[in-house]
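Down below is the structure, laid out as structure tokens.
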Amino acid sequence: MSRESGMSKREMRRQQMNRAKQRNRIITAVAIVMVALVVAFFLIWPNLQPVGTIKQSDHGVVRSQVDGNTAGDPNAPIKIEEFSDFQCPFCDRFVKQTEAQLVSAYVDTGKVYFVYRSFGEFIGPESRAAAEAAYCAGDQNKFWEMHDILFANQTGENIGDFTNKRLAAFADAIGLDMGKFTTCFNGGTYSSRVDQDAKDGLAAGIQATPSFVLTYTVNGQVKTVLIEGAQPFSEFQTKIEAALAEMGLK
């Protein structure tokens, strides 16, 4: 009798343990589903919001010899690569306070070949999305139009300025073929390029945006000068004029 009673207790204990395990599995599954729903909400919700007002760029920069994300003569004696982030407020300051003078004085005159590059996902996911959208616009010869409208509509960092929905609205506003843009953007055509931008920037010693790598050659030796931050035009002028003098082009 005691043997049967002992077996019964063990069986009861086994059943209790099995029920506890089952409850734990259910609780875990529910928790996973809840977390997934919360994550999905934060990912999807921004794109469900209205597009809102879209501002057109009014900074007045007119670039010459535009080709994709470049401007100016590819054979210019000086090359300047800007590593930037469309969400960066200091990058916006450079665009609105300095770029027009730089373009007028040095890009349009054939002295500087200017290249815009992203800095990957430096500030956040919207940085990547905006950069990919700009490169996709470049396929339709409107990289700089997208560049300008992105900065015109920047109001903060990772707050929904550059959701997929708004990026599509920007593309439409600058007159892109939306079928081609959507295929490019949704297909992640330039995802690896944005990653490479970040790698190249880090290799060049970039630590913040905007930063500018000025490259030129003297007697066969390639030289570089790093300009960090949204510096005034005078800072660029000083560095460029020094490089031109070193090359004997002043």
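The values are calculated or read from the model by the stated rules, or taken from the named source; none is laboratory data. Quick caveat, the model's predicted, so the values are computed rather than measured. Reconstructed Cβ throughout: ideal geometry from the backbone, glycine too, with neighbour counts over all protein chains shown.
Things worth noting here:
- Residue in the range 179-229 that is nearest to the chain's Cα centre (by Cα), counting only those that are of a type in the set (S, T, N, Q) and farther than 30 Å from Leu249 by Cβ: Ser191
- Listed conditions (1) part of a helix (DSSP H, G or I); (2) surrounded by 17 or more Cβ atoms within 10 Å (Cβ to Cβ) are all met by Leu202, apart from (2).
- Pair list, Cβ < 8 Å and 6+ apart or interchain, from the range 192-211 residues that are modelled with pLDDT of 95 or more to residues that are of a type in the set (Lys, Arg): Val194/Arg128; Asp197/Arg117; Asp200/Arg117; Gly201/Arg117
- Any chance Phe151 is part of a helix (DSSP H, G or I) and within 18 Å of Thr70 (Cβ to Cβ): yes
- Subset tally (residues that are small (Gly, Ala, Ser) and closer than 20 Å to Pro89 by Cα) for the range 166-211: 4
- The number of residues in the range 100-112 that are surrounded by fewer than 22 Cβ atoms within 10 Å (Cβ to Cβ) and either outside any helix (DSSP H, G or I) or among the acidic types (Asp, Glu) (or both) comes to 4.
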